[in-house]
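The block underneath contains the structure these notes are about, expressed in structure tokens.
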Amino acid sequence: MLVFVPAETKTGEKRVGLTPEGAGKLIKLGLTVSIQDGAGLVSGYHNDEYKLAGAQIADSASAISSADVVATVRPLASEQISQLKSGALTISFLSPTNDSEAIKALADKKVTSLSFDVLPRISRAQSMDALTSQALCGGYRTVLIAAERAPKFFPMLMTAAGTIPPAKVLVLGAGVAGLQAMATAKRLGAVVSAYDVRASSADEVKSMGATFLNLGLDEVEGAGGYAREMTAERAKAQQDALKKFISESDVVITTAAVPGRKAPTLITSDMMSSMKPGAIIVDLAAESGGNVDGSVAGQDVEVKVPGGVVTIIGCKDLASQLAVHASKLYSQNVVSLLTLMTNEGVVTPDYSDEVVQGSAVVFKGEIKNAMARETLNLPALATGEGE
Ligand SMILES: NC(=O)c1ccc[n+]([C@@H]2O[C@H](COP(=O)([O-])OP(=O)(O)OC[C@H]3O[C@@H](n4cnc5c(N)ncnc54)[C@H](O)[C@@H]3O)[C@@H](O)[C@H]2O)c1
């Protein structure tokens, strides 16, 4: 069976769906792998490396029409979907709520589309968890961006010219990205503290060498270890309690998310007004609505405070900025998912498998994911299916 990896079509996307190492692993499973000419170049992987791994180089993007499996990072573009053969399998990120057009087109083409956005986060599927691998890259990048932009050192320095105190970094949201941000800031020598609405994250925060801020508020944990949406009163109480810590910070990194919802507002304009001039806020959630009042994805916004400005950096395409390693990790996620479904060189997604069922936004032409169906105003499926 033929696995095809087209070049990513979204402007600015530097990752690739499969690296030469990943191609070699799929070939060992008995699959044939074809890469669109130059698809890996932008992430640092050359045609020659793919050839060495045993992959073919396809001169044209139209090779997609003969593929049994298509692996990309971003959802396929409409012209790519229109060329898919019926019964093909696509693997990518595909948001059940934001990619409705693509989902409809994929269903019309009678294909199966597995999405890493909804892959079950069970232990068996850890090696397939691209949300985790890419959040790791994002969390790391936030700190480097902050360190580059802050007008201060991160580590404490004792020099003949005086002592420099360490920077104070506050991380809000202690999921995968937040924990990686804490670890990175700690490695750079900052004093790190963190807060999350899930009390269960306190031990993980401590294991990163950071201090968990106990605000004395109710925890807001929902199903599957994720946060729930907060009431307006709970959100206000959190903002009031965090204001003091934010005003003391040199860098604040916000990473909070609630599945299927707009990112919660953690920092209001009022809270920013008490921050130190020169302080930096890096909003990792800027692309999903923002954790900070006024943040814009892909842009810097300066907010006037007494004595200067605070800069809000709205993150965009963070994992793509680390394209070599983000692609390497993503590629392994693709290989692990395909390994689960491949037997003697034949890929057969088994819908009775929890991992396949959970990640199938579309299965054999039917839109299965409950959120995708709701967004498209389709009736719910039989109990339990697609949830
Ligand atoms: N394979 C696995 O078992 C696996 C893999 C990865 C993550 N997880 C778990 O999944 C969960 C979600 O991780 P994620 O990184 O995808 O999270 P996420 O991206 O959905 O959210 C990031 C963090 O924001 C926090 N948050 C939400 N609202 C907040 C608010 N108002 N204030 C402060 N913090 C807020 C969440 O609790 C979460 O920790 C965690 O419990 C994590 O340990 C499990």
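Annotations
- Of all residues making up the stretch 286-334, the number that are crowded, with 24+ Cβ neighbours inside 10 Å, of a type in the set (A, V, I, L, M) and out of contact with any strand residue (DSSP E or B) (no Cβ under 6 Å at 6 or more places or on another chain): 2
- Qualifying residue in the stretch 44-59 (condition: surrounded by fewer than 17 Cβ atoms within 10 Å (Cβ to Cβ), over 24 Å from the mean Cα position of the chain (by Cα) and modelled with pLDDT under 95): yes
- Some residue of the stretch 17-33 being in contact with a strand residue (DSSP E or B) (Cβ under 8 Å, 6 or more places away or on another chain) and surrounded by fewer than 16 Cβ atoms within 10 Å (Cβ to Cβ): yes
- Among (1) within 16 Å of the ligand (Cβ to nearest atom); (2) at pLDDT 95 or above; (3) within 17 Å of Leu170 (Cβ to Cβ) - the single one Met272 does not satisfy: (1)
Residue by residue, here is whether (1) more than 26 Å from Thr97 (Cβ to Cβ); (2) surrounded by 15 or more Cβ atoms within 10 Å (Cβ to Cβ); (3) touching a helix residue (DSSP H, G or I) at 6+ places or on another chain (Cβ under 8 Å) holds:
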residue	(1), (2), (3)
Met182	yes, yes, yes
Ser193	yes, yes, yes
Asp203	yes, no, no
Gly216	yes, no, yes
Val252	yes, yes, yes
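- Listed conditions (1) free of Cβ contacts under 8 Å to residues at least 24 places away in the same chain; (2) outside any strand (DSSP E or B); (3) touching a strand residue (DSSP E or B) at 6+ places or on another chain (Cβ under 6 Å); (4) not charged (D, E, K, R) are all met by Met275, apart from (1).
- Selection within the stretch 228-259 - of a type in the set (Ser, Thr, Tyr) and in a helix (DSSP H, G or I): Ser247
- Within the stretch 129-185, the set of residues being of a type in the set (Gly, Ala, Ser), more than 25 Å from Leu242 (Cα to Cα) and assigned to a helix (DSSP H, G or I) comprises Ala130, Ser133.
- Enumeration of residues in the stretch 182-217 that are under 23 Å from the mean Cα position of the chain (by Cα), within 11 Å of the ligand (Cβ to nearest atom) and within 24 Å of Pro277 (Cα to Cα): Ala194, Tyr195
- Within the stretch 149-179, being within 16 Å of the ligand (Cβ to nearest atom) and out of contact with any strand residue (DSSP E or B) (no Cβ under 6 Å at 6 or more places or on another chain) holds for Gly173, Gly175, Val176, Ala177, Leu179.
- Pair list, Cβ under 9 Å, 6 or more apart: the stretch 193-206 residue acidic (Asp, Glu), other residue surrounded by fewer than 22 Cβ atoms within 10 Å (Cβ to Cβ) and at pLDDT below 95: Asp196/Glu219; Asp196/Ala227
- Some residue of the stretch 236-245 being outside the structural domain of Asp117 (by TED's automatic domain parsing) and within 9 Å of the ligand (Cβ to nearest atom): yes
- Of the candidates Ile81, Ile35, Ile57, Ile27, the single residue that is touching a Gly at 6+ places or on another chain (Cβ under 6 Å) and either outside the structural domain of Thr342 (by TED's automatic domain parsing) or outside any loop (DSSP other than H, G, I, E, B) (or both) is Ile27.
The values are calculated or read from the model by the stated rules, or taken from the named source; none is laboratory data. These numbers come from a predicted model, not from an experiment. FYI the Cβ positions are ideal-geometry reconstructions off the backbone, even for glycines, and counts take in every protein chain you see.
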